[in-house]
Amino acid sequence: MTGSKRFRRERTLYQLHFEEPELDGFECVMSGVSLDAFIGVSALAAKLETPEGRTQENIEAQFTTLAGSMVSWNLDNDDGQPVPCDYEGLRVQDFDFVMKIMQGWMQALSSVPKASENDSPSGEISPERSLGLAAVSTSRAS
């Protein structure tokens, strides 16, 4: 590989999309994680499904990892002030709302983006793919 060009990969970002009417207009951008972090989050999710795994330490680890991957959101509090896009801002939200973000993020991380219909045979990449954004639906039957 002498004389090879080096390659630097851009950070992967996921624009989460929510189908729930009550979340219409909510925007949330999350970053990807390393394989190691994904394995850890997945293991924590499995532990949290058991009574013995539902410890405060495991719950907090799951949500601090989520908060650490939050890039931006357009969330305002009841006074119309922006809610910080960090762990403290996440902690004051309704649990159901936080779980919708978590589910959307986990789905985005484990999904392989489909090739865009707008990709040309010449190899030109669509604007969405060039930005590293993957559309994800988090709708689940309730």
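The table below gives the values:
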item: Using distinct alpha-carbon pairs, which all enter the 1/r mean, Kirkwood radius of segment 1-120 in Å; result: 16.4 Å
item: Cα gyration tensor category, rounded, prolate or oblate, for segment 1-69 with a/c compared to 1.5; result: oblate
item: Separation of the Ser72 and Gln103 label points, Cα + 7 Å toward Cβ, nm; result: 2.6 nm
item: Qualifying GluC sites (Glu not before Pro) for segment 56-107 [loop in DSSP, other Cβ within 10 Å: at most 11]; result: none
item: Neighbour-limited loop hits for trypsin sites (Lys or Arg not before Pro), segment 1-92 (at most 11 other Cβ within 10 Å; DSSP other than H, G, I, E, B); result: Lys5, Arg6, Arg8, Arg9, Arg11, Arg54
item: Phe63, Phe38 arranged by Cβ crowding within 10 Å, fewest neighbours leading; result: Phe38, Phe63
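Bear in mind these aren't lab numbers, they're just calculated from the coordinates by the rules spelled out. Since we're looking at a predicted model, the values are computed, not measured. Using ideal geometry, Cβ is built from the backbone for each residue, glycine included, and neighbour counts are taken over all protein chains shown.
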